[in-house]
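To start, the structure under review is shown below, and the notes come after it.
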Amino acid sequence: MRILQNVNFPFVQSRRITYVIAALALIASVVGIFVCGLNWSTDFTGGVSAVINMKPKDPGVKPLNIDQLRDVIREGGFKESEIQFIGNPADATFQIKVEGSDAEQIKEKILELVRDNLDDYVKGRNLQSDVLREVNTVGAKAGAEMRTNVITAVLIALLLMIIYIWIRFEFTFGLMAIVALFFNVVLVVGVFAWTGKEITMQIIAALLTIVGYAINDTIVVFDRIREDLRLYRKDPIESIFNRAINSTLSRTVITGGSTLLTAFALYFFGGAVIHDFALAIILGIVIGTLSSIFIASNLVLDTIKSTRLEQKSLKHLSKK
Amino acid sequence: MRKYSWLTPVAVLIFVLVTLVFLSPLVIPKGVSWPIKQKLNLGLDLKGGTQIVLAVQTDKLPMANRADAVKNNIEIIRNRIDQFGIAEPTIQKIGESDILVQLPGVKDPAAAENLVKQSAILEFKLVANPEESERFLAQLDQIIQANLSRFPTLAKMDAEMKSLDKEESSVEDSLKTSSGIFRSLIVTSERDYAVRNDDVEVFRALLQDTTFVNLKPKGYDLALESFDETKRRNEEPKIVYVLKSAVEVQGSDIDGASMEIGSTSSSNPQMAGKPYIALTFTRTGARKFANVTGDNIHERLAIVVDNAVYSAPVIQDRIPDGKATITGIFSNEEARSLAILLNNESLTAPIVLKNANQVSATLGTDSIKSGLIAGLVGLLAVMIFMVFFYNLSGLVTDFILIFNVGFILAAMTIFGGTLTMPGIAGIILSIGMSVDANVLIFERIREEMDAGKSPRSAADSGFKRASVTIWDSNITTVIAAFVLYQFGTGPVRGFALTLTIGIVGSIFCALVFLRYLMDKLLLSGNRQTLSI
């Protein structure tokens, strides 16, 4: 099957409209991030940890299944709970970590849920002194220092990417590739801000994946521009850029399609745990694909023209 | 014929073999003997691991510094665990001043606990000369004899000894009067003092006893040699050093520490074929070290870590270059963890173990199952997609894709990575992304064929042109992944590792494996058509 063969969409000519749409989306995202704020998960904020023992007094009751307890706690309002056996599973001691900060109130709520839903296991036992073994606030898994660490790492990575693209192409290309990346990430984060979805460690991983994917997409187009600049020296620069975007279009769409397939598989079949992760990836692929078609190379074009570096940088580039 | 045409099949063969060999432990049943023992680690979310709760002893610190001490300790522990190579741990503060550490797939909880707990205080101290040592020990002995009631264990030993002595001749008794019970713990050999193997525990407890520390004459300290705790069958007496209390050079004077293995032909028996640690001092550290070595030629300088003497070489000459080594280490593991400990700052406040437990997976079996189902559905969908777009060429891609996924898992096994749920999701995504290289090549070949080229030459120039793009786009991503691995912590490192492996795998699969199979299967002979 072949698609998008010999097409010639006016991507470059219609760039003013694209810019307006992109700017609106960007403003909407930034407003969302500042107005709604980001809903950081317990990975970043910490929560409450309770240790409970669920060994029934009556030996006839069969041992509590951990998944059953997970359902009770999750449906009881702690969407982000994390539950583990601690020690020997035969002792039926569970460590429950949930979101929130008021240890006393959360403790009561958990005990209430256990009493109402799993009565067999706590019947005839003192909830406060026997069932409940420990309750504590827990700190963030990713503390402040770790966050600064990651941010520094990302900034260094972006800088080196600019330098690499600068060496292989030209400075404007490197800069605009990174601008497009920021655009992608801000838009995805904006959707998470507006919908109030939680930013977990997994979502951070998803954002990094999006960055990797989008830079790939953008470079493929840049690469074609570089090649075409050598082939069609006489053509006006606009038509060279437009031809390059069009001739890589089938690849852009097919790769985007195949990656989207896997992301949708995660979204529909992956279960609740990776639902939001998959959503972030889907958004990232769509936005990344669009920005590599409509934004990155157009920005390069306009920068080169407005800084009157046109001749110089193009000559420089066609030699590479 | 291209040059090195034999190289391609060999590379493909190695790739396939490495993948199969390192995945084999996953299918070999337990009990069957098989040379490859490494198995892919599963993360806390999939399989659980070991949980350690540590209490930070902040009571000696001023109120204002306590919270910071806990925070600093968490960071230090995180760095140590990262460097030790245990991927994806969970480390968080629990309660006021405890630290909860969960480690996935830890085979040796004791080693992990040690690494987390040790403070690794490094000190260089001069060894007292024989006269000073003798005088110090005699003084100490007298003091202890006078205060024997304050040392119950020693008093008990003393009583036993006396009752034994009474049965023996009185000649020996007269000899014994000159020295007390403490002195009798220490045996004198040619050059060093030592403690009998059986008395080590008593002696060590004594060194930590606060009464002992307070009564001890100032200016000197006692320290045992370091020895392998796990091999205590060794009956030899353990050397005791009398050290001058002044710390000549300390941990903060160290710029870097790295583990080295001595060459087997080394003339120094402490180094030959054994692990040691190479230290580089900071500028002030180097100056201090040069001064102390210059001023004390022919004296002995002890290298002490956490109050255990690793070695006490005689100073031969002034050492001006700011370098030193720690020898007398028993195993590579010990050397490695010691180097890690020395490279990081010491714990801000001491830590004690509260409890250690096994913990189960944080995710339910159903979540794990649905993750795997999603993986299979995604893989199948991409495979059908590729055949739909590229016919037989797509089928070849599908075949390679299976090896590509296998390679990611195999490489993660080799590098000791940990597979977590987000990791599985990442691999599934990389399936989608790794076809990108193939798409680039196929689209290029189609364009070349459109331009009227024969399948063979279209394939040649298609691969050649697409490979420029493939290298450029992937190198950019690898640069980012490399930086994230170097500077990131915890889960970010794991992510970077998976990403890098995925990229390396897909580049190889597209430019070597695919090329080879297309040459052999679709372009053999003088075919005029290409199913693409």
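Just so it is clear, none of the values below were taken in a lab; they were calculated from the coordinates. It should be emphasised that the depicted structure is a prediction, and the values quoted were computed from it without experimental measurement. Backbone-built Cβ (ideal geometry, glycine too); neighbour counts: all protein chains shown.
How far is helix B:130-146 tilted, in degrees, relative to the longest principal axis of the Cα atoms in chain B, given as a value from 0 to 90 rounded to the nearest 10? Rounded to the nearest ten degrees, it is 70. Counting Cβ atoms of other protein chains within 10 Å of each residue's Cβ and taking the mean over peptide B:443-455 gives 2.
Charges only on Cβ, +1 for Lys and Arg, -1 for Asp and Glu: so what's the dipole of segment A:87-233 about the Cα centre, in debye to the nearest 20? Don't jump to the answer; show the numbers that get you there.
Values: 15 positive and 18 negative charges, 133 e Å.
With only Lys, Arg, Asp and Glu charged at Cβ, the dipole is about 640 debye.
With a Förster radius of 56 Å applied to the beta-carbon distance between A:Asn88 and A:Tyr232, the computed FRET efficiency rounds to 0.15. Report the GluC sites (Glu not before Pro) located in segment A:44-135 that are in a DSSP loop and have at most 16 other Cβ atoms inside 10 Å of their Cβ, or state none. Passing sites in segment A:44-135 are A:Glu80. Treating r as the C-beta distance of A:Val51 and B:Ala110 and R0 as 22 Å, the FRET efficiency rounds to 0.40. Other chains' Cβ within 10 Å of A:281-292 residues: what's the mean? For peptide A:281-292, the averaged partner shielding equals 1. Counting only aspartates and glutamates at least 8 places from A:Lys312 when in the same chain, those with an alpha carbon closer than 20 Å to its own are A:Glu170, A:Asp223, A:Glu227, A:Asp228, A:Asp235, A:Glu238, A:Asp302.
Can you put B:Ser258, B:Ser163 in order of Cβ neighbours within 10 angstrom, beginning with the fewest?
Values: B:Ser258 14, B:Ser163 9.
So the residues, fewest neighbours to most, are B:Ser163, B:Ser258.
Mean per-residue shielding of peptide A:140-153 is 5, counting Cβ atoms of other chains within 10 Å of each Cβ. The spacing between segment B:359-426 and segment B:302-354, judged by their C-alpha centroids, is 45 Å. Taking the longest Cα principal axis of chain B as reference, the axis of helix B:491-508 is set at about 40 degrees. Just report the Cα centroid separation between segment A:246-297 and segment B:264-300, whole Å. One Cα centre to the other: 58 Å.
How big is the charge dipole of chain A about its Cα centre, in debye rounded to the nearest 20, if each Lys and Arg gets +1 on its Cβ and each Asp and Glu gets -1 on its Cβ? Before the final figure, lay out each step's value.
Numbers: 33 positive and 30 negative charges, 380 e Å.
I would put it at about 1820 debye.
Looking at segment A:169-262, the trypsin sites (Lys or Arg not before Pro) that sit in a DSSP loop and have at most 13 other Cβ atoms within 10 Å of their own Cβ are A:Arg233, A:Lys234.
Please arrange A:Tyr213, B:Tyr193 by counting, for each residue, the other beta carbons lying within 10 Å of its beta carbon, fewest first. Spell out each step's value before the answer.
On the way: A:Tyr213 25, B:Tyr193 19.
Lowest count first: B:Tyr193, A:Tyr213.
So, in nm, how far is label B:Glu131 from label B:Val504 when the simple model puts each one 7 Å beyond its Cα toward the Cβ? For B:Glu131 paired with B:Val504, the spin-label model returns 6.3 nm.
Considering the dipole of segment B:122-346 built from charges on the beta carbon (Lys and Arg +1, Asp and Glu -1) around the Cα centre, which of B:Ala290, B:Met271, B:Gly219 is farthest to its positive end? After comparing all options, I get B:Ala290. With 32 Å as the limit, the listed pairs B:Lys238/B:Lys323; A:Lys109/A:Lys197; A:Lys305/B:Lys453 have A:Lys305/B:Lys453 beyond it between alpha carbons. Rounded to the nearest 20 debye, the dipole size of segment B:122-346 about its Cα centre is 440 debye, using +1 on the Cβ of Lys and Arg and -1 on the Cβ of Asp and Glu. In chain B the longest region clear of GluC sites (Glu not before Pro) that are loop-assigned by DSSP and have at most 16 other C-beta atoms within 10 Å covers B:346-532. The trypsin sites (Lys or Arg not before Pro) of segment A:50-83 that DSSP puts in a loop, and whose beta carbon has at most 14 other beta carbons within 10 Å, are A:Lys57, A:Lys79. Only lysines eight or more places from B:Lys162 in sequence, or on another chain, were considered; those with a Cα closer than 21 Å are B:Lys176. Each part reduced to its alpha carbon centroid, segment A:131-156 and segment A:49-84 end up 25 Å apart. Label reach from B:Val21 (point 7 Å along Cα→C-beta): in segment B:378-419, amide nitrogens under 20 Å belong to B:403-417.
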